[in-house]
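So the structure is just underneath, and the comments pick up after that.
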Amino acid sequence: MLTRAIDEAVELLRDPNLVWSSDLQDIRENLAQLLLASAAQGNIMESIADNLAKKITYADTTATVYDLKLEKR
């Protein structure tokens, strides 16, 4: 599902009138595609994409922490 945050982040990343740092300029189209693909997957991928999109748009400065119950060393 395409959330509002993901839609806004994709629009920002694809806006040709915005100036980006050189490192982000090189990956912004790939990042937009990744957000859209992750949103289409649903479940946890959609949640992760939504959190990233919120950080891109500065809509939310806090991230949801996902604990997958993986062993930590």
What distance in nm lies between label points placed 7 Å from Cα along the C-beta direction at residue 22 and residue 55? 2.4
In whole Hz, the Karplus estimates of ³J(HN,Hα) for the range 43-55 (6.51, -1.76, 1.60; θ = phi - 60°; x where Gly or Pro) are 6, 5, 4, 5, 5, 5, 4, 5, 4, 5, 4, 5, 5
How large is the direction-averaged shadow of the alpha-carbon convex hull of the range 4-57, in nm²? 3.4
Segment residue 3-residue 29, length gained on full extension (0.36 nm per residue, minus Cα span): 7.5 nm
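Grab the other residues whose beta carbon is less than 14 angstrom from that of residue 46, score K and R as +1, D and E as -1, and report the net. Write down the numbers at each step before the final one.
Details: positive: 4, 54; negative: 7, 50.
Counting the neighbours of residue 46, the net charge comes to 0.
Can you tell me the order of 17-24, 34-41 when each peptide is scored by its average per-residue count of other Cβ atoms within 10 angstrom, highest first?
The densest-packed peptide leads the list: 34-41, 17-24.
Just so you know, all these numbers are worked out from the coordinates, no wet-lab data involved. The model shown is predicted, which means the values in this text are computed figures rather than measured ones. In this analysis, Cβ positions are derived from the backbone assuming ideal geometry, glycine residues included, and neighbour counts consider all displayed protein chains.
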